[in-house]
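Student: Dumping the structure here so I can ask a few things about it.
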Amino acid sequence: MSRKIPAWHTVRRSPLHGKGVFAACDIPEETCILEYRGRRITTEEADELPSYSPDDPNHTFFFSLSCGKIIDGGQRGNDARWIN
């Protein structure tokens with residue numbers, strides 16, 4: 001018998017800025033909800049990439065790692081890119 005995993009989150013318009021990630025139900029402590037995914041790139045590659053929104057030239061989906069690499073959630077990313 002398979003156990004259904006609850007949808008911990010939902011993505012919807014945020015009253016603060018664009019889209020956001022919101023809890024869809026009560027989430028138990030220590031629960032891993034999302035792993036930030038995307039293409040791993042160098043800082044040089046990130047500097048060369050255009051903004052994801054022409055109306056907001058500073059809009060990116062970059063997540064910096066301690067090793068110096070960057071995860072670009074705009075390329076092969078998931079819902080985690082909407083977390084602010």
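The values are calculated or read from the model by the stated rules, or taken from the named source; none is laboratory data. Predicted model only: the values in this text are computed from it and were never measured. Counting neighbours? That spans all protein chains shown, and the Cβs are built from the backbone with ideal geometry, glycine included. Surface accessibility is based on the protein's heavy atoms, side chains included, excluding ligands, DNA and RNA. Shrake-Rupley method; radii C 1.70, N 1.55, O 1.52, S 1.80 Å.
Student: Which residue is modelled with the lowest pLDDT, if the candidates are limited to the range 55-73 and must be open to solvent by less than 40 Å² (accessible area, probe 1.4 Å) and touching a Gly at 6+ places or on another chain (Cβ under 7 Å)?
Tutor: Phe61
Student: In the range 29-54, what residues are open to solvent by 60 Å² or more (accessible area, probe 1.4 Å), closer than 19 Å to Trp82 by Cβ and either touching a residue at least 40 places away in the same chain (Cβ under 8 Å) or in a strand (DSSP E or B) (or both)?
Tutor: Correct list: Glu35, Arg37, Arg39.
Student: From the list Asp79, Asp26, which residue is closer than 15 Å to Trp8 by Cβ, touching a residue at least 12 places away in the same chain (Cβ under 8 Å) and of a type in the set (D, E, K, R)?
Tutor: Just a single option satisfies the conditions, and that option is Asp79.
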